[in-house]
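The values are calculated or read from the model by the stated rules, or taken from the named source; none is laboratory data. Just so you know, these numbers come straight off a predicted model, no measurement behind them. Every residue, glycine as well, gets a Cβ built from its backbone with ideal geometry; the counts of neighbours run over all protein chains shown.
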């Protein structure tokens, strides 16, 4: 007789969260189902609801976890424009990991409630972090414009597959983006 499996609430919650990140990033809010997420996590849909309250609650936790992780923003104000440019070019390269907060945003934004949750996550984590590094951007539209350039570049290079961006020399892309971010983040 095999002994009963030991319960580990933290591991179960983490497995559900990871399965949620994968599902929402790949299929968007409307395309991801709680049963499928539960199956991928090796649990029942009832446990998803127990830990997160609902699909919307799980999505909010996924956005929180995904947006809290810094994918292109760094912490050094002196090199911020160059760091963002280099990270953006690296993260959008053809061989880069495509399970990203950007794809989570892109695929889930058509749902109005998901868009609200995404906006709150972006403002709370990404935009707030940018303003913490570059306080002179607080109260201006330039932090949001910087994030819009990041999202637009990501879209054109990874989703649309713009030929000019795909074929461009990465050093040139980085330099051009750095110049653009320098202008946007100028005090």
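If you scan region 150-166, which residues turn out to be out of contact with any helix residue (DSSP H, G or I) (no Cβ under 8 Å at 6 or more places or on another chain) and under 15 Å from residue 85 (Cβ atoms)? The one that is out of contact with any helix residue (DSSP H, G or I) (no Cβ under 8 Å at 6 or more places or on another chain) and under 15 Å from residue 85 (Cβ atoms): 152.
The rows are residues; the columns are (1) at pLDDT 95 or above; (2) farther than 20 Å from residue 109 by Cα; (3) not assigned by TED's automatic domain parsing to the domain that holds residue 122.
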{"site": "27", "(1), (2), (3)": "yes, no, yes"}
{"site": "31", "(1), (2), (3)": "yes, no, yes"}
{"site": "39", "(1), (2), (3)": "yes, yes, yes"}
{"site": "42", "(1), (2), (3)": "yes, yes, yes"}
{"site": "54", "(1), (2), (3)": "yes, no, yes"}
{"site": "59", "(1), (2), (3)": "yes, no, yes"}
{"site": "77", "(1), (2), (3)": "no, yes, no"}
{"site": "86", "(1), (2), (3)": "yes, yes, no"}
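Kindly evaluate residue 159 against the criterion of being modelled with pLDDT of 95 or more and under 21 Å from the mean Cα position of the chain (by Cα). No; evaluated as a whole, the condition is false for this residue.
Restricting the search to helices (runs of 4 or more DSSP H) fully inside region 48-154 and requiring at least 1 residues that are without any contact (Cβ under 8 Å) to a residue 24 or more places away in the chain and surrounded by fewer than 19 Cβ atoms within 10 Å (Cβ to Cβ) gives 55-68, 80-91, 112-121, 128-133, 142-154.
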